[in-house]
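The values are calculated or read from the model by the stated rules, or taken from the named source; none is laboratory data. Since the structure is predicted, the reported quantities are computational estimates derived from the model, not experimental observations. For neighbour counting, all protein chains shown are included, and Cβ atoms are generated from backbone atoms with ideal geometry for every residue, glycine included. SASA here: full protein model, heavy atoms, side chains in, ligands and nucleic acids out. Shrake-Rupley method; radii C 1.70, N 1.55, O 1.52, S 1.80 Å.
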Amino acid sequence: MKKDYYEILGVGRSADKDEIKKAYRKLALKYHPDKNPDNKDAEDHFKEVNGAYEVLSNDDKRRRYDQFGHAGVDSSAASGGGAGGAYGAGGADFSDIFSAFNDMFSGGGGGGGQRRSRASAGIHGTDLKIRLKLSLEEIAKGVEKTLKIKKQVPCKECGGSGSKTGATETCPTCHGAGEVRQASKTMFGQFVNIAACPTCGGEGRIVKDRCTSCYGEGIKQGEVTVKVTVPAGVQDNNYLTLRGQGNSGPRGGAAGDLIVVIEEKPHEFFVRNGDDVIYSLAVSFPDIVLGTKVEVPTLDGAIKMTIPPSTQPETMLRIPGHGIGHLRGSGRGDQYVKVNVFVPKDLSQADKDILKGLRKSPGISPEAHGTGAEKSFFAKMKDIIG
Ligand SMILES: [Zn+2]
Ligand SMILES: [Zn+2]
């Protein structure tokens, strides 16, 4: 029975990356073979700690481990991430629609799995996920954003090598192979599981003269600016994958991806409906009956529009081309202006008198205009009541 990875590192299941990293460093230093020569116990602990860290420090592996336990990470560790890469398996955050979107803008497709293959040199940096809030105006036309993000960058002290002198030596655990074979007996027979070497993390070599600034990791927390080009028409929870813009890998390993998740800010005036936007406009009773010219806001600034005479409540008037840009294809959606009658709550006596006069006017009642429904309704009521 394998030990729980969280227990090995002595952290809670909700521990964040920093906590996990701190716990790992402490234990890795404590059990490091350099400090415990010829101590089999310490060596076993060290391997255990490395194995736990390899999984819990990787968003994808940690998610699979949380969901499926050791079974979720053991087999895929051997196959290097499996088909679909990071977001294929337990991707509760993202639906299929978003992965289609993802493919479209990263030019990716099946590259995800391959990219994480053990064959590539060094340990791959972890993916980084950030949320980007955008206004409807920005979404309507697309926008370029410059973001400041905190992420792991190569350590300046050691040039990312993790060593003061740049020296490395062959890993004593795997003798440079980068992987270890573990035979396990099950009721179906014996299986040989090939996993990344826990001592060197699959690199085959370990650092000599460890850099004290980065504890031999070759990476440190830093801040960078990243330009993100967001196409028009994105929706809440769509995401963009910026390949290689995530956390740098330890000791020169390739960087992970930066995943930018779109968040749409609610708009003061507009409600989005696909690529159209709806604006609700209340006009006075005389204006809706007689028609008027009004100024309405659009995503491109205010424009004048005509409310035709006898516009009925709830009418949707269309302003073509002032909606959201289509994500696929060119052009934009439309703006709809939903017209309603403004009914005042406080009226002056003078206004009340005008309305009372209007009420007596013969042409103002629905009966006078006999739209079929009302007329037959009232006629029927008369028949029933007698
Ligand atoms: Zn360093
Ligand atoms: Zn090794």
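For first residues located in the range 199-221 and farther than 16 Å from Ala255 by Cβ and polar (S, T, N, Q), partners that are open to solvent by 50 Å² or more (accessible area, probe 1.4 Å) and within 14 Å of ligand 1 (Cβ to nearest atom) and lie 6+ apart or on another chain with Cβ distances below 6 Å form the pairs Ser213/Glu157. Of all residues in the range 8-26, those satisfying the criterion of being part of a helix (DSSP H, G or I) and either within 13 Å of Arg62 (Cβ to Cβ) or of a type in the set (Ser, Thr, Tyr) (or both) are Leu9, Lys17, Glu19, Ile20, Lys21, Tyr24. All of Ile219, Ile206, Ile288, Ile259 fail the test of being crowded, with 18+ Cβ neighbours inside 10 Å, of a type in the set (Val, Ile, Thr), more than 16 Å from ligand 2 (Cβ to nearest atom) and within 30 Å of His32 (Cβ to Cβ), apart from Ile219.
Having 2 or more residues that are within 16 Å of ligand 1 (Cβ to nearest atom) is the bar; report the strands (runs of 3 or more DSSP E) wholly within the range 143-237 that clear it.
Values: elements: 143-154, 168-170, 179-186, 189-196, 205-207, 219-230.
Counting at least 2 such residues, we get 143-154, 205-207, 219-230.
Could you tell me whether Ser310 is of a type in the set (Ser, Thr, Tyr), on the phi > 0 side of the Ramachandran plot and open to solvent by 40 Å² or more (accessible area, probe 1.4 Å)?
On the way: of a type in the set (Ser, Thr, Tyr): yes; on the phi > 0 side of the Ramachandran plot: yes; open to solvent by 40 Å² or more (accessible area, probe 1.4 Å): yes.
Spelling it out, Ser310 is indeed of a type in the set (Ser, Thr, Tyr), on the phi > 0 side of the Ramachandran plot and open to solvent by 40 Å² or more (accessible area, probe 1.4 Å).
For the range 153-170, the count of residues that are open to solvent by less than 30 Å² (accessible area, probe 1.4 Å) and either under 30 Å from Asn273 (Cβ atoms) or within 14 Å of ligand 2 (Cβ to nearest atom) (or both) is zero. Regarding the range 360-383, can at least one residue be identified that is at pLDDT 95 or above, over 41 Å from the mean Cα position of the chain (by Cα) and open to solvent by 90 Å² or more (accessible area, probe 1.4 Å)? No, that holds for no residue.
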